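The values are calculated or read from the model by the stated rules, or taken from the named source; none is laboratory data. Predicted, not measured: the structure shown is a model, and the values here were computed from it. Counting neighbours? That spans all protein chains shown, and the Cβs are built from the backbone with ideal geometry, glycine included.
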């Protein structure tokens, strides 16, 4: 029993289309207790002197959470790159405009207009 199934049962009961069975809650509680026991064992293994937790020891959702964090970090890095690129382009545009203004003023002075 996963949390999603239990949530669906609770929502269905709230809508009046079904009732939450005691079995659903009991199954979820058993699964949750099992997860806590597994994490406790992993923590004990990692906390032992010289202990180490291997990635393959981690539960599946932890690995997917790790992947989500990596993807989020990549997305943030990409946003930073885009922001820096826009800042550089804005600075270059100001410099380009200033240079064009100086060149324009020089042409105007050279041609005797200024």
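Descriptive notes on the structure:
- Residue identified as on the phi > 0 side of the Ramachandran plot and either assigned to a helix (DSSP H, G or I) or modelled with pLDDT under 85 (or both) among 50, 4, 46: 50
- Region 103-114, residues that are in a helix (DSSP H, G or I) and loosely packed, with under 10 Cβ neighbours inside 10 Å: 110
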